[in-house]
Ligand SMILES: Nc1ncnc2c1ncn2[C@@H]1O[C@H](COP(=O)(O)OP(=O)(O)OP(=O)(O)O)[C@@H](O)[C@H]1O
Ligand SMILES: [Mg+2]
């Protein structure tokens, strides 16, 4: 599903964020991307949604070389990839329902379809009773569930999560990852960047460990591995 | 249909949010297009007047002093007839009394203009036609420089010299008008673009999220383009109302009251002018938003 070949990303000022990354992530996999702050986790995710371009190397998503993708096709790439971030990125003046429906509207789906599917997906993430609440009336965990619902509403083959539990109460973090796991079980490839040792050790998924922009470990059913 | 409703509601919400800026932009669009409308109508009226007057272009009038004796007059007449460019059969003498009679005839609807005249202020005059209208200037020059008893000739006037002067004056007006319209149109484009920039800035977070969930560039741009175009459209509507008011309350009154100038507006003019003003508004709005989008929205 995702193939990276000798991918290097150098930011302005000669900052090596990623160096010579080669890896494959198969369809239906769940992978944790771990590593200390500044190791290149967010950069990894930005390259996949073409928010940043690699300095060298090739990235393939579902056999499409995205480095050669025409600019106007980028939105269609992003529709295949749901994204969840540490800061939720919800629109404050839209309700929970509207925030999720928005992702359908933007891709040209009909309002009728949204009326059917949005409540369904919100029920899936456990917010079926908060359709009309605004983001600032929700807890961090609830807001992140809305963001996950929005990322999932168009049933993307890939879901990327950059520290989704970072702003969520630790007691609720596991619930968030359970949700991602369920989405993964429904067939979506999930990549989650995280600092959270407890989470990684509990779920026992593939662990890709980065340090200074390099892969230092890639292990199935792995653990966090730093002390 | 769904999309149109979406774009319309986004456009309206955005316009309402920066109402003051939008009103300023609309006002400048209206002023520039309004001036355009007035310049075009004024110019049309003037060129119709010139066209009506052009029949008289071969005519030269020579006004004589009341002190001119019969012999002097005869000598002047002989000179006029002898000018090679003048049609000798079209040299006519008009006395003060004839001139006054003609004046009364022409303004018989406005007797207040002549009722109280007790001494005839109009001079005796010659009226002649050149063989070719283009020789008018030459003939006027010859009379002013070569005629006998030149101190008895008070004035030599040709219709064309008057028209030329008028034409020059109106040309200046038109040039100033056009420069003004262009300058104002540029200001209007910039102001529209400022309102769009503010709208983009206010929605930058939303734009980021739209990109994230895979909105196409045009889906993101459309509400802003529509916002610019609606400002242009509203501006042109205001301009058309103002131009219409000027026509009904000023130009029509001028045409009616200054009939001797033979002013008129060409019949089909407004049917062309008003759609052009609407188009101008759309173009200003579209350019303004295109400029803002090009500079401040990298997608
Ligand atoms: N836009 C940028 N311009 C320049 N340098 C950048 C930019 N973004 C990231 N970097 C640098 O690249 C390196 C990798 O950053 P990245 O955000 O990928 O790390 P991270 O693993 O996500 O860190 P964290 O866990 O703190 O989120 C860091 O040294 C960072 O300072
Ligand atoms: Mg990061």
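The values are calculated or read from the model by the stated rules, or taken from the named source; none is laboratory data. On a predicted model such as this, the values are computed, not experimentally measured, just so you know. Cβ atoms come from the backbone with ideal geometry, glycine included; neighbour counts cover every protein chain shown.
Applying the selection to region B:222-236, what residues are surrounded by 20 or more Cβ atoms within 10 Å (Cβ to Cβ) and within 14 Å of chain A (Cβ to nearest Cβ)?
Selection gives B:223 alone.
With respect to the numbered conditions (1) touching a helix residue (DSSP H, G or I) at 6+ places or on another chain (Cβ under 7 Å); (2) touching a residue at least 24 places away in the same chain (Cβ under 8 Å), which one is the sole condition not fulfilled by residue B:214?
(2)
Yes or no: residue A:108 assigned to a loop (DSSP other than H, G, I, E, B), over 21 Å from residue A:175 (Cα atoms) and within 16 Å of ligand 2 (Cβ to nearest atom)?
Values: assigned to a loop (DSSP other than H, G, I, E, B): yes; over 21 Å from residue A:175 (Cα atoms): yes; within 16 Å of ligand 2 (Cβ to nearest atom): no.
The answer is no for residue A:108.
Does residue A:34 count as more than 16 Å from ligand 2 (Cβ to nearest atom), more than 12 Å from chain B (Cβ to nearest Cβ), more than 12 Å from the chain's Cα centre (by Cα) and buried (at least 22 other Cβ atoms within 10 Å of the Cβ)?
Working: more than 16 Å from ligand 2 (Cβ to nearest atom): no; more than 12 Å from chain B (Cβ to nearest Cβ): yes; more than 12 Å from the chain's Cα centre (by Cα): yes; buried (at least 22 other Cβ atoms within 10 Å of the Cβ): yes.
Answer is no for this residue.
Taking strands (runs of 3 or more DSSP E) that fall entirely within region A:136-227, which contain at least 3 residues that are away from ligand 2 (no atom under 16 Å from the Cβ)?
Numbers: elements: A:158-162, A:189-194, A:206-211, A:214-219.
Filter on region A:136-227 gives A:214-219.
Filter region B:91-116 down to residues that are in contact with a strand residue (DSSP E or B) (Cβ under 8 Å, 6 or more places away or on another chain) and surrounded by 14 or more Cβ atoms within 10 Å (Cβ to Cβ) and give me whichever is farthest from residue B:128 (Cα to Cα).
Selected residue: B:99.
Tell me, which residue of region A:77-129 that is more than 8 Å from chain B (Cβ to nearest Cβ) and within 16 Å of ligand 1 (Cβ to nearest atom) is surrounded by the most Cβ atoms within 10 Å (Cβ to Cβ)?
A:84
Quick check on region A:13-30. Is at least one of its residues within 14 Å of chain B (Cβ to nearest Cβ), within 16 Å of ligand 2 (Cβ to nearest atom) and surrounded by fewer than 19 Cβ atoms within 10 Å (Cβ to Cβ)? First the steps, then the outcome.
Quick first cut of region A:13-30, residues within 14 Å of chain B (Cβ to nearest Cβ) only: none.
No, the conditions are met nowhere in region A:13-30.
Restricting to region A:70-105, name every residue that is within 16 Å of ligand 2 (Cβ to nearest atom) and either in contact with a helix residue (DSSP H, G or I) (Cβ under 6 Å, 6 or more places away or on another chain) or under 12 Å from residue B:213 (Cα atoms) (or both).
Within region A:70-105, the first condition is being within 16 Å of ligand 2 (Cβ to nearest atom), and the residues that meet it are A:83-89.
If the condition is that a residue be within 16 Å of ligand 2 (Cβ to nearest atom) and either in contact with a helix residue (DSSP H, G or I) (Cβ under 6 Å, 6 or more places away or on another chain) or under 12 Å from residue B:213 (Cα atoms) (or both), then A:83, A:84, A:88, A:89 are the ones that fit.
Exactly one condition in (1) closer than 20 Å to residue A:188 by Cβ; (2) within 16 Å of ligand 2 (Cβ to nearest atom); (3) at pLDDT 95 or above is not met by residue A:59; state its number.
Among (1) closer than 20 Å to residue A:188 by Cβ; (2) within 16 Å of ligand 2 (Cβ to nearest atom); (3) at pLDDT 95 or above, residue A:59 violates only (2).
Answer yes or no as to whether residue A:121 is more than 16 Å from ligand 2 (Cβ to nearest atom) and over 28 Å from residue A:62 (Cα atoms).
On the way: more than 16 Å from ligand 2 (Cβ to nearest atom): yes; over 28 Å from residue A:62 (Cα atoms): no.
Against the criterion (more than 16 Å from ligand 2 (Cβ to nearest atom) and over 28 Å from residue A:62 (Cα atoms)), residue A:121 does not qualify.
Quick one: in region A:43-59, which of the residues that are away from chain B (no Cβ under 14 Å) and within 8 Å of ligand 1 (Cβ to nearest atom) is surrounded by the fewest Cβ atoms within 10 Å (Cβ to Cβ)?
This residue is A:43.
Taking residue B:232 as the residue in question, decide whether it is touching a helix residue (DSSP H, G or I) at 6+ places or on another chain (Cβ under 7 Å) and free of Cβ contacts under 8 Å to residues at least 24 places away in the same chain.
When the stated conditions are applied, residue B:232 does not pass them.
Is it true that residue B:158 is surrounded by 15 or more Cβ atoms within 10 Å (Cβ to Cβ), touching a strand residue (DSSP E or B) at 6+ places or on another chain (Cβ under 8 Å) and within 30 Å of residue B:70 (Cβ to Cβ)?
On the way: surrounded by 15 or more Cβ atoms within 10 Å (Cβ to Cβ): yes; touching a strand residue (DSSP E or B) at 6+ places or on another chain (Cβ under 8 Å): yes; within 30 Å of residue B:70 (Cβ to Cβ): yes.
Judged against the criteria, residue B:158 is a match.
Could you check how many residues of region A:10-42 are near ligand 1 (Cβ under 10 Å from one of its atoms) and outside any strand (DSSP E or B)? Outline the logic, then answer.
Kept after step one, since they are near ligand 1 (Cβ under 10 Å from one of its atoms), are these residues of region A:10-42: A:10-18, A:33-42.
Going one step further and asking which of them are outside any strand (DSSP E or B), we end up with A:12-14, A:35-42.
Total meeting the criteria: 11.
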